[in-house]
Amino acid sequence: MKSMIIVVILFLSTSSAWAGKFLETFDNKNLKVWTELTMYVADLAADIPAGSWEVLDGELQATVKDRLPRLLTIGDKTWQDYEIEFEVKPIEKQGRGGVIVIAARITEKGGIACMIGTLGNADVISKATCVGGKLGGNIFTVFEIKEEPPLKLKEWSKLKLSIKGNNLLFSVNDRKVIEGIILEHADEHTDFSTGGIGFGLSSYTVRFDNITIVGDGIPDKRSLPIMPRAKLATTWGELKQF
């Protein structure tokens, strides 16, 4: 019996090295490990104010008051095939337009972003959109776009983005919304093959919680508690920026 237990422990230890699960519940209150990235901005664009990110009651509250989405990003440039999901509750609109964004394979050379809502001041129809490009730039390839109702205010929803090879699957509340093919390279300066993750918003105040990444090469942080609620409010103003 003792030898069997040892074998099981060795097997589980080896298995965890194959695929890890990263869980961010904002328990450690350390937003400095995250980097803020502004989408749809040319490299030489004028100075753009950062979004507001603060931990309240064990959840991350974010506010962006204009149409350019801000993302918090984390990860390694070697990450390739994985799933990212999180819970999100839109609290208040902050002007016209507004999207909630989930992103993957982010590097300085490219990234993949799926979003839901109305992007830009002129857009009045809510859509689900998946694009690829240099997320800090302003040239993108649209993988797919379709009409999709916005997330309901003051209700929790779940967004999930699965990336495997050249395939992506974007889901809302466990319902498949977009399934498509990722272009390997839009041009010699863009790469969608590997990279970190991100989540964010534009023209909203929202709450985020339980950011989860599962896949090969993902650091295993399974010991964090899920859905913490009773915490003191903590505000963080020193985020890195691209």
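At a glance:
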quantity	calculated
Heavy-atom surface of the stretch 60-179, accessible at 1.4 Å and reported per residue (Å²)	45 Å²
Percent accessible area from carbon and sulfur atoms, the stretch 88-128, protein chains only, probe 1.4 Å	52 percent
Local net charge near ILE102, Cβ-Cβ under 11 Å (Lys/Arg +1, Asp/Glu -1)	0
Which listed pairs, of LYS134/LYS176; LYS21/LYS65; LYS65/LYS89, have C-alpha distances above 28 Å, in listed order	LYS21/LYS65
Per-residue ³J(HN,Hα) for the stretch 68-83, Karplus 6.51 cos²θ - 1.76 cosθ + 1.60, θ = phi - 60°, Hz, x for Gly and Pro	7, x, 10, 10, 9, 10, 7, x, 10, 5, 8, 4, 10, 10, 6, 10
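The values are calculated or read from the model by the stated rules, or taken from the named source; none is laboratory data. Just so it is clear, the model here is predicted, and its values are computed rather than measured. When we count neighbours, we look across all protein chains shown, and the Cβ atoms used for this are built from the backbone with ideal geometry, even at glycine. Heavy atoms of the whole protein, side chains included, go into the accessibility calculation; ligands, DNA and RNA do not. Shrake-Rupley method; radii C 1.70, N 1.55, O 1.52, S 1.80 Å.
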